[in-house]
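The structure appears below as C-alpha cells.
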Amino acid sequence: MARTRSEDARQRILDAALRRARAEGYGKLTIDAIAAEAGVGKQTVYRWWRSRAEVVLEALRENARTIPWDEKGNLEADLRAFLRATFRYASGKESTAPVLRGLMAEAQLDPAFLPHFRVFIEERRQILRQLLLRYASKASEVTVDMIFGAMWYRMLVGHGKLDVRFADTLALLAARQVLCPDRSETLCSKR
C-alpha cells in the first residue's frame, strides 16, 4: 500500500511541476508551488529530487517518451514525421519550448544539473540516431547536430517558428546530408 501511495504522490508531483511550469513559466516555478498543487509536503519533493530543475526534467522525460510519429518508409518522410511531431510537442497548445529554455538556462548556471540535462538531450539524440541508422550504415553526428542545433537555435533565439515548413525543410536538408554524403547528384538521384 505504501508503495502505491508513493508512486501516486510521485506522479502527482511530476504532473504538477510540468503543468505549473507551462502555465506560469519555469522562472516563476517553486518547489512550494509544486508541492501545494500535488497535495504533498515540500519534504516529499526533496526526498526524490534535489531541485525544481530535476523535477521538471523528469516530468518532461516521462512525457516526451510518448511523442507519436508514424514511420513512412523513406528517410525524408520519416524525418518530416519525426520533426513535425517533435515541433508540435515543443510549440503546440501545451508548448514545452519555454520550459526547455528554462532548463537549458538552468543547465548553464548549475553545474550539478548539467549532467542530468545532457542525459535528457542524449536520449532525444539517440532516437534520431536510430531513425537515421535505418537508412545509412552510420548516423553522422553532424547531421544529428544540424537537426538539434537548428531546433534549439530557434527555441532559444525565437527568430523563427518550429512549424511544419521548418520541419520539412530541415528533413530535406538532413536526408540529403545522410543519403548524399559526397554531394554527388548522380548518387543522390539513384536513391
message: What's the total number of residues in the range 79-107 that are under 11 Å from Arg22 (Cα atoms) and either without any contact (Cβ under 8 Å) to a residue 12 or more places away in the chain or outside any helix (DSSP H, G or I) (or both)?
response: 4
- prompt: Any idea which of (1) over 21 Å from Leu57 (Cα atoms); (2) outside any loop (DSSP other than H, G, I, E, B); (3) open to solvent by less than 70 Å² (accessible area, probe 1.4 Å) is the one Ile121 doesn't satisfy?
  reply: (1)
field: So Ala64, is it open to solvent by less than 30 Å² (accessible area, probe 1.4 Å), farther than 24 Å from Glu123 by Cβ, in contact (Cβ under 8 Å) with a residue 12 or more places away in the chain and among the hydrophobic types (A, V, I, L, M, F, W, C)
entry: no
- line: Apart from one, (1) surrounded by 13 or more Cβ atoms within 10 Å (Cβ to Cβ); (2) in contact (Cβ under 8 Å) with a residue 60 or more places away in the chain all hold for Ala17; the odd one out is (2)
task: Give Ala9, Ala53 a once-over and let me know the one that is part of a helix (DSSP H, G or I), under 30 Å from Val164 (Cα atoms) and open to solvent by less than 30 Å² (accessible area, probe 1.4 Å).
output: Ala53
task: Could you grab the pairs with beta carbons closer than 7 Å, sequence gap of 6+ or different chains, first residue in the range 45-56 and more than 20 Å from Asp8 (Cβ to Cβ) and at pLDDT 95 or above, second one open to solvent by 20 Å² or more (accessible area, probe 1.4 Å) and among the hydroxyl-bearing types (Ser, Thr, Tyr)?
output: Arg52/Thr30
- request: Just give me the residues in the range 132-168 being of a type in the set (Gly, Ala, Ser) and at negative phi, in sequence order.
  value: Ala136, Ser137, Ala139, Ser140, Gly149, Ala150, Gly160, Ala167
query: Going by the conditions given, is Trp69 open to solvent by 20 Å² or more (accessible area, probe 1.4 Å) and either under 23 Å from Gly27 (Cα atoms) or modelled with pLDDT of 95 or more (or both)?
result: no
statement: Counting only residues that are in a loop (DSSP other than H, G, I, E, B) and open to solvent by 70 Å² or more (accessible area, probe 1.4 Å), the range 124-161 contains a total of 5
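Quick check on the range 21-44. Is at least one of its residues closer than 27 Å to Asp168 by Cβ and open to solvent by 60 Å² or more (accessible area, probe 1.4 Å)?
Of all residues in the range 21-44, those closer than 27 Å to Asp168 by Cβ come to 22.
In the following step, the residues that additionally are open to solvent by 60 Å² or more (accessible area, probe 1.4 Å) were identified as 22.
Checked the range 21-44: at least one residue is closer than 27 Å to Asp168 by Cβ and open to solvent by 60 Å² or more (accessible area, probe 1.4 Å).
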query: So which residues in the range 108-129 are touching a residue at least 60 places away in the same chain (Cβ under 8 Å) and either farther than 26 Å from Arg50 by Cα or touching a Leu at 6+ places or on another chain (Cβ under 9 Å) (or both)?
result: Phe113, His116, Phe117, Phe120
The range 162-175, residues that are open to solvent by 60 Å² or more (accessible area, probe 1.4 Å) and charged (D, E, K, R): Arg165
- prompt: Could you say whether any residue in the range 164-182 is part of a loop (DSSP other than H, G, I, E, B) and at pLDDT 90 or above?
  reply: no
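The values are calculated or read from the model by the stated rules, or taken from the named source; none is laboratory data. On a predicted model such as this, the values are computed, not experimentally measured, just so you know. Cβ: placed from backbone, ideal geometry, glycine included. Neighbour counts: every protein chain shown. Side chains included, ligands, DNA and RNA excluded: accessible areas come from the protein's heavy atoms. Shrake-Rupley method; radii C 1.70, N 1.55, O 1.52, S 1.80 Å.
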